[in-house]
Amino acid sequence: MDLLGWPAEVWALAAAASLVAGVVRGYTGFGFALILVTTVSVLAAPAEIVPISVVLDIFASLRMLPHVHRDVDRRGCLLMLAGALPAIPIGALALAGFSEDAMRLAIGVAVLAATLAIAAGIGLRRVPGTGLKLATGVTMGLMSGAAGIPGPPVILLYLSSPLPAATLRATAVAVFLAVDLIALVTMTAYGLVTADVLLHCLVLAPLVEGAVYLGRRLYGTADETSVKRAALALLAVMALVAIIRATLG
């Protein structure tokens, strides 16, 4: 029996994934789309779940931003977005010239290597400057256009710097909110944000709200080292998912 176009098993999977993704989002500041889209795409079409993920991620960011805005690296956000916006169509052009799996594999290997390097203690000795933040934005835009994975460059930049974990978390929330809003406008223009998508979001939103709240509370009890370890672990998972998807086709 279908409910709003989804059978019970899809709703159950989407609800469980929303809860886990919301807790991770509230705790680390990122990872929502990775968990929700990767999980629910097993039973539902990506064209259905990706717009839902974007809308719910915007909702999560709007709920989190008032609690973290004091820690946002505002200048860094503007620089990264300035670099990302013109790079997104270039990334899409690269995707048109190379296979999607080849792009995912290259990105996955690069992110995994960088994650392992940071975990081994290799990092920046100084706070990243203008040039590095612009370059991070360009890389974020290229990865977004080529593979729909904008997050790793931002997270790697702040994890490898001497800035506190709170800055990583807050800046990720702000940057991804802007990227999600751009994605939502684009998806709406292509007719992907339908009435069914909005109804699905309406049903799942209370679960995401509760899960993000729980993640924020868990963050409040964690030390900075634990937060950075969780972020590194999630980055490694993101890289492995990209590699596995590319390998399996």
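The values are calculated or read from the model by the stated rules, or taken from the named source; none is laboratory data. Computed from a predicted model, the values in this text were never measured in an experiment. Because the Cβ atoms are built from the backbone with ideal geometry, glycine has one as well, and the counts that use them run over all protein chains shown. Each accessible area value is taken on the protein alone, full model and side chains, heavy atoms only, with ligands, DNA and RNA left out. Shrake-Rupley method; radii C 1.70, N 1.55, O 1.52, S 1.80 Å.
Quick check on my filter: what residues within segment 18-38 are within 15 Å of L234 (Cα to Cα) and small (G, A, S)?
Within segment 18-38, A21, G22, G26, G29, G31, A33 meet the criteria.
Report yes if some residue within segment 79-101 is surrounded by fewer than 20 Cβ atoms within 10 Å (Cβ to Cβ) and closer than 22 Å to I35 by Cα; otherwise report no.
Within segment 79-101, one or more residues are surrounded by fewer than 20 Cβ atoms within 10 Å (Cβ to Cβ) and closer than 22 Å to I35 by Cα.
So, in segment 161-186, how many residues would count as being within 18 Å of M143 (Cα to Cα) and without any contact (Cβ under 8 Å) to a residue 40 or more places away in the chain?
Here the count works out to 1.
Are there any helices (runs of 4 or more DSSP H) wholly within segment 1-111 with 3 or more residues that are touching a residue at least 12 places away in the same chain (Cβ under 8 Å) and within 14 Å of the chain's Cα centre (by Cα), and if so which?
Where helices (runs of 4 or more DSSP H) fall fully within segment 1-111 and carry at least 3 residues being touching a residue at least 12 places away in the same chain (Cβ under 8 Å) and within 14 Å of the chain's Cα centre (by Cα), they are 8-28, 32-40, 46-68.
Go through segment 112-152 and report how many residues are basic (K, R) and either closer than 21 Å to L36 by Cβ or free of Cβ contacts under 8 Å to residues at least 40 places away in the same chain (or both).
2
In segment 124-138, which residue that is of a type in the set (G, A, S) and open to solvent by 30 Å² or more (accessible area, probe 1.4 Å) is modelled with the lowest pLDDT?
G129
Residue-wise test of (1) in contact with a Leu (Cβ under 7 Å, 6 or more places away or on another chain); (2) under 13 Å from A119 (Cα atoms); (3) not β-branched (V, I, T).
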residue	(1), (2), (3)
R217	no, no, yes
T221	no, no, no
T225	no, yes, no
K228	yes, yes, yes
L232	yes, yes, yes
A236	yes, yes, yes
A239	yes, no, yes
R245	no, no, yes
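Within segment 13-26, how many residues are open to solvent by 40 Å² or more (accessible area, probe 1.4 Å) and not β-branched (V, I, T)?
Residues in segment 13-26 being open to solvent by 40 Å² or more (accessible area, probe 1.4 Å) and not β-branched (V, I, T): 3 in total.
Output the number of the condition that G191 fails; it satisfies all remaining conditions of (1) of a type outside the set (A, V, I, L, M); (2) in contact (Cβ under 8 Å) with a residue 60 or more places away in the chain; (3) at positive phi.
So the condition that G191 fails would be (2).
Which members of segment 30-64 meet the condition of being open to solvent by 50 Å² or more (accessible area, probe 1.4 Å), touching a Leu at 6+ places or on another chain (Cβ under 9 Å) and farther than 14 Å from A14 by Cβ?
A47, L62, listed by residue number.
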